[in-house]
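J.: Structure below; questions to follow.
The values are calculated or read from the model by the stated rules, or taken from the named source; none is laboratory data. Note that the structure is predicted; figures quoted are calculated from it, not measured. Note that each Cβ is placed from the backbone with ideal geometry, even for glycine, and that neighbours are counted across all protein chains shown.
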């Protein structure tokens, strides 16, 4: 009997629940679903991210990995670009794409509602390609941001 076919078989499909929440070095709260650690993923990472009302991440980028976001609830903002010169407002039901190597700072634009998003990244490990950019943390002028209320 030829057993080599079994050793080269693809890994089985797996059903997982989100792991325990943790705070990433970017300053946001995550709950990992699909990752190298949870299912042996080699090329993709899928997680939930929560941004509390009025909170923001620290300036960072993902060196060699693309990020795709689907906003489940709330309204977030994101400053992005080499000097955080661009801005996007992301609402529930919106998709948002961040190319690899793009500095960005997501924040919750609401004073009273958490933002929750599904984040997919082309890196199997959550914190693997995070590069902090403390030189950008003072940009933009955060005093100019007006939070919305329900």
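J.: Evaluate the following for residue 140: is it surrounded by 14 or more Cβ atoms within 10 Å (Cβ to Cβ) and under 21 Å from residue 32 (Cβ atoms)? Steps first, please.
T.: Working: surrounded by 14 or more Cβ atoms within 10 Å (Cβ to Cβ): yes; under 21 Å from residue 32 (Cβ atoms): no.
In short, no.
J.: Okay, next question. Consider the range 56-110. How many of its residues are part of a loop (DSSP other than H, G, I, E, B) and touching a residue at least 12 places away in the same chain (Cβ under 8 Å)? Steps first, answer last, please.
T.: Taking the range 56-110 as the starting set, the residues that turn out to be part of a loop (DSSP other than H, G, I, E, B) are 57-59, 63-66, 74, 81-85, 92-94, 99-103, 109.
Applying the additional criterion that residues be touching a residue at least 12 places away in the same chain (Cβ under 8 Å) yields 57-59, 63-66, 74, 81-84, 92-94, 99-103, 109.
Summing the residues that are part of a loop (DSSP other than H, G, I, E, B) and touching a residue at least 12 places away in the same chain (Cβ under 8 Å) in the range 56-110 gives 21.
J.: Take residue 140 and tell me if it is touching a residue at least 12 places away in the same chain (Cβ under 8 Å), in a loop (DSSP other than H, G, I, E, B) and in contact with a helix residue (DSSP H, G or I) (Cβ under 6 Å, 6 or more places away or on another chain). Working first, answer last.
T.: Values: touching a residue at least 12 places away in the same chain (Cβ under 8 Å): yes; in a loop (DSSP other than H, G, I, E, B): yes; in contact with a helix residue (DSSP H, G or I) (Cβ under 6 Å, 6 or more places away or on another chain): no.
In short, no.
J.: Being surrounded by 14 or more Cβ atoms within 10 Å (Cβ to Cβ), in a strand (DSSP E or B) and either at pLDDT below 95 or at positive phi (or both) is the filter here; which residues of the range 116-131 pass it?
T.: Let us first name the residues in the range 116-131 that are surrounded by 14 or more Cβ atoms within 10 Å (Cβ to Cβ), namely 116-126, 128-130.
Add one more test, that the residue is in a strand (DSSP E or B), and what stays is 116-121, 130.
Result: 121, 130.
J.: Can you tell me which residue among 98, 75 is surrounded by 15 or more Cβ atoms within 10 Å (Cβ to Cβ), within 23 Å of residue 138 (Cβ to Cβ) and touching a strand residue (DSSP E or B) at 6+ places or on another chain (Cβ under 7 Å)?
T.: On the way: 75 fails: within 23 Å of residue 138 (Cβ to Cβ).
It is 98.
J.: Taking the conditions exactly as written (closer than 13 Å to residue 117 by Cβ and either in contact (Cβ under 8 Å) with a residue 60 or more places away in the chain or part of a loop (DSSP other than H, G, I, E, B) (or both)), does residue 47 satisfy them or not? Give the steps one after another, and end with the answer.
T.: Numbers: closer than 13 Å to residue 117 by Cβ: yes; either in contact (Cβ under 8 Å) with a residue 60 or more places away in the chain or part of a loop (DSSP other than H, G, I, E, B) (or both): yes.
So residue 47 fits the description; yes.
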